[in-house]
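**Student:** The structure that follows is given in the form of structure tokens.
The values are calculated or read from the model by the stated rules, or taken from the named source; none is laboratory data. Note that the structure is a prediction, hence the values are computed from the model and not measured. Note that each Cβ is placed from the backbone with ideal geometry, even for glycine, and that neighbours are counted across all protein chains shown. Just so you know, the surface numbers come from the protein's heavy atoms only, side chains and all, with ligands and any DNA or RNA stripped out. Shrake-Rupley method; radii C 1.70, N 1.55, O 1.52, S 1.80 Å.
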Amino acid sequence: MKAAMLRAATLIDAQTQSNYHIVESINHAYPLHGHDFYEIFIILTGRCAHLINGETQMLEEREMVFIRPGDTHGYDFCGDTDCRFLNVNFYPEAVEYAFEFAGSPGFASRMKRAKLPPVLRLAPPDMDALMRKGSQIGLYESIDKAKARSTARSWLVDALTLFFVAHRDEDQKAMPSWLDHLLLELQKKENFTCGPGRLVELSGRSAGHLNRVFKEVLQMTPTAYLNRLRLTHARNLLLTTNLGIIEVAYESGFDNLSHFYHLFKKQYGVSPGKTRSV
């Protein structure tokens, strides 16, 4: 069965950049689908088989799952057992803001690049707190969109903080300290707009060593990582400035316009020119 593609522009209010809802049964959930936005869901009662990226995760009550753009997923029954779950969706910009707040590029990369979405079993007090704040999002969505947006971002930071605390030790073992420092330095425009040679200079490691570690830890090459940072910067310029596309490409570190167009459309599904009109 071909997976449906859900779009933030259709399903998420642009003013709140998020939406909140309770799914009462697997029967009420979307069939196998992908989407261009982030989603966090929590199993409130029961259990389910989570069909994700061609594999199956067995989920139970109080488990929270972080779904990324590009993931393909759906839900199925565990025998005769149904489940009820809380679902909050977010524009990518809101999630990137929350990751910046967390202040750990390594944590953000692992959350976004793992083959299967991260899963966390919540302690009862943490689950209760997320449920309470989630219900506030639902309330404000219809009466005060500014407050709904602020509450949703607070909910997102709370959820990501729980993931960060739970996986901190694991992150420290998997992420060498020099790499965490390098990724932090690469958030600076003067560094990510330069080529891979800048990584060698900043890290003090050889190009071959960098390539091997990036693939092991981040599941991508150094060049691919730099391109993602450049594309994020380019998209922000397109949405927040009147710079021409050639200027945007140059300011973001691309010296080949055709290559910029190709990578941008592959990453975001639309051309740079159409980004300003969606």
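**Student:** Please work out which residue is nearest to the chain's Cα centre (by Cα), limiting yourself to the stretch 103-132 and to residues that are assigned to a loop (DSSP other than H, G, I, E, B) and more than 30 Å from TYR225 (Cα to Cα).
**Tutor:** Per the criteria, the residue is LEU122.
**Student:** In the stretch 208-241, what residues are open to solvent by 50 Å² or more (accessible area, probe 1.4 Å), over 19 Å from LYS112 (Cα atoms) and touching a residue at least 12 places away in the same chain (Cβ under 8 Å)?
**Tutor:** LEU239 - this is the single residue of the stretch 208-241 that is open to solvent by 50 Å² or more (accessible area, probe 1.4 Å), over 19 Å from LYS112 (Cα atoms) and touching a residue at least 12 places away in the same chain (Cβ under 8 Å).
**Student:** Does the stretch 14-72 hold any residues that are of a type in the set (Asp, Glu) and closer than 22 Å to ARG132 by Cα, and which are they?
**Tutor:** Scanning the stretch 14-72 gives GLU24, GLU39, GLU60, GLU61, GLU63.
**Student:** Evaluate the following for HIS233: is it touching an Asp or Glu at 6+ places or on another chain (Cβ under 8 Å), part of a helix (DSSP H, G or I), of a type outside the set (Val, Ile, Thr) and on the phi < 0 side of the Ramachandran plot?
**Tutor:** Criteria met by HIS233.
**Student:** Please work out which residue is farthest from GLU251 (Cα to Cα), limiting yourself to the stretch 178-226 and to residues that are assigned to a helix (DSSP H, G or I) and of a type in the set (Lys, Arg).
**Tutor:** Only one residue tops the list, namely ARG212.
**Student:** Within the stretch 61-98, which residues are on the phi < 0 side of the Ramachandran plot, open to solvent by 10 Å² or more (accessible area, probe 1.4 Å), in contact with a helix residue (DSSP H, G or I) (Cβ under 6 Å, 6 or more places away or on another chain) and touching a residue at least 60 places away in the same chain (Cβ under 8 Å)?
**Tutor:** Residue satisfying the conditions is TYR91 alone.
**Student:** Do you know which residues across the stretch 63-100 are part of a helix (DSSP H, G or I) and either among the charged types (D, E, K, R) or farther than 16 Å from ARG149 by Cα (or both)?
**Tutor:** GLU93, GLU96, PHE99, GLU100
**Student:** Then there is this: State yes or no: is GLY244 surrounded by fewer than 18 Cβ atoms within 10 Å (Cβ to Cβ), out of contact with any Gly (no Cβ under 9 Å at 6 or more places or on another chain) and farther than 25 Å from GLY70 by Cα?
**Tutor:** yes
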